[in-house]
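Trainee: Let me give you the structure first, and then I'll get to my questions.
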Amino acid sequence: MNINLHNYESYLLQYIDNELSAVEAAAVEAFAKQYPHIQKELDNFLAVKLTDAANIINIDKSTLLKQENTFVTEANFEALCCQYVDGALTPVEKAAVETYATNSNELTAMLTQFMATKLPLEAITFPNKDLLLKKERNSKVIPLFAWQKMAAAAAVVGIIFSVSYNVFYNQKQVPTVEIVSNTATAQLPKANTEIIVPNTAEKNTNVGVVTVAATNKKQWKNAAIVIEKNKAATDIVENSTKENYATNTIINTNNNNNEKAETLANNGINSQNALSKFADIIAEENNFEKNSNLTATASYNIIDTDDEVDNSMYIGAIQLNKNKMKGLLKKAKSLFGVKKNKQPDEDANGLLQVANFEINTSKTLK
Amino acid sequence: MTEREYNTCVHAYADGVYRFIIKNLRHEEDAKDVVQSAFEKLWVNRDKVDNATCKSYLFTVAYNKMIDHLRKHKRVELKDDFSNDTRTVQQQIPQLKKTLQDALNKLNDIQRSLVMLKDYEGYSYEEIGKIMELSESQVKVYLHRARVILKNYLVSPENVV
């Protein structure tokens with residue numbers, strides 16, 4: 001290192017900046033001692049050098065520092081204590097509050113004091129709760145009056161059904177059966193004649209007359225089936241084509257077409273034999289006895305081997321028990337009578353008014 | 001709501017509602033009247049109230065009837081000592097509880113109701129708000145104030161437990 005009067009200034013600056021090594025710094029100091037004006041220059045540089053490291057303005061580092069737990073602060077600690085007591089904090093938040101409280105005794109005491117404000121549960125009972133209770137109704141129990149109503153409605157519906165069945169269905173579908181004998185003069189069976197077996201013209205003396213009045217083969221078969229006891233008649237129809245044909249022919253001409261009937265008779269088709277045979281079978285099956293007093297050979301007396309009192313009644317083709325019908329109608333009567341709180345209306349003629357229907361009790365039940 | 005469901009509500013919530021009202025009114029007969037009125041209203045409106053919401057409905061109705069009752073009777077002064085009043089609930093309670101009860105009496109009606117709905121029934125802020133027709137933030141703030149009053153009362157020198 002060669003310091004001279006031509007290059008000493010740069011060495012002085014490096015010396016001030018502590019950029020020189022110890023040997024070089026010593027050389028600069030030795031050179032400055034040789035020349036008083038250079039020493040004075042060096043001293044002036046050293047005077048303006050900043051050397052007070054302690055003269056630093058301290059700032060509040062708390063605003064710069066990163067908090068490990070930012071949820072709880074001094075400002076919100078009280079509010080969080082209330083929420084802690086209210087149970088409104090999550091487990092993590094609760095732990096944060098508890099942790100924060102451990103920072104000082106005051107914080108711990110504050111949290112404890114707030115926890116003491118939580119009301120303990122007290123068992124207080126309302127006296128006589130029966131005053132508040134309402135009586136339970138069993139929804140399964142149907143009031144008696146409702147049952148009566150339902151029974152009455154069912155009875156009326158049953159009556160309507162059976163009557164309309166007879167009126168509308170039986171008449172069209174199931175013709176009556178009447179065997180008319182002695183048709184030599186081509187007296188044709190009457191169409192759709194009402195079944196009058198048994199016919200109670202006199203007590204214990206029933207004249208049984210069976211009339212065939214079907215319009216086609218199917219109806220003829222149906223007619224035979226309708227008379228439950230006349231199984232033999234059905235056999236005749238099925239097994240004897242001639243007789244069947246004859247009978248059907250007669251049946252088909254039951255609109256008083258006498259001329260056709262005569263023609264058939266002249267052709268050798270013995271309709272009388274078929275009808276007579278049929279009548280005999282029916283008589284045997286039904287315990288009919290030939291009544292010699294009657295002109296119609298197909299008229300039979302029914303031997304009454306059953307109980308004196310016949311409890312059957314017929315509505316169309318349906319055989320009903322009189323006693324049961326009586327009971328049913330009586331019930332309906334009483335139900336409607338109960339509702340109106342008076343005896344059922346049954347006038348002197350024995351007419352019972354049930355809803356919109358009039359039932360003639362004197363004719364039906366006797 | 002069927003009769004059975006209604007009666008189930010009676011058994012489940014009658015005591016809680018009664019406790020809530022009697023702690024507020026501090027009068028047994030008045031509290032019984034309010035509770036009966038609340039359940040009567042529930043019965044009348046049983047078709048409109050769900051079984052699941054009947055508890056909050058009961059508390060809402062009971063609270064409103066209690067407020068109406070208080071306004072009607074203008075109870076301004078708080079009785080501090082009920083020991084001679086035979087109509088109030090008499091029971092031996094520890095000192096802390098008694099102090100707490102006294103502190104509770106220092107609150108106003110809204111603050112007291114808030115604390116009881118929170119501590120006795122465990123309702124959330126939102127649910128309490130619906131019952132008392134307050135917003136959730138209002139509930140929080142009012143409840144906070146109530147707790148501070150209770151705490152300060154408990155830690156005051158004359159009441160240190």
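Where a number appears in this text, it was derived from the coordinates with a stated rule and is not lab data. Remember, predicted model here, so these are calculated numbers, not experimental data. Cβ atoms come from the backbone with ideal geometry, glycine included; neighbour counts cover every protein chain shown.
Trainee: Cα gyration tensor of chain B, axes a ≥ b ≥ c as square roots of the eigenvalues: rounded (a/c below 1.5), prolate (a/b > b/c) or oblate?
Mentor: Cα axes put chain B in the prolate bin.
Trainee: Something else: Rank the residues A:PHE45, A:PHE126, A:PHE161 as a footprinting-exposure proxy: fewest other Cβ atoms within 10 Å of their Cβ go first.
Mentor: A:PHE161, A:PHE45, A:PHE126
Trainee: Which residue fluctuates the most in chain B, going by a Gaussian network model with Cα springs under 10 Å, if the choices are B:ARG71, B:ARG19, B:ARG147?
Mentor: B:ARG71
Trainee: Now, a different point. Quick one: longest stretch of chain B between exposed loop GluC sites (Glu not before Pro), exposed meaning at most 15 other C-beta atoms within 10 Å and loop per DSSP?
Mentor: After excluding every exposed loop site, the longest remaining stretch is B:1-76.
Trainee: Run through the range A:17-46 and list the GluC sites (Glu not before Pro) located in a DSSP loop whose Cβ has at most 15 other Cβ atoms within 10 Å.
Mentor: Of the GluC sites (Glu not before Pro), the ones in loops of the range A:17-46 whose Cβ has at most 15 other Cβ atoms within 10 Å are A:GLU19.
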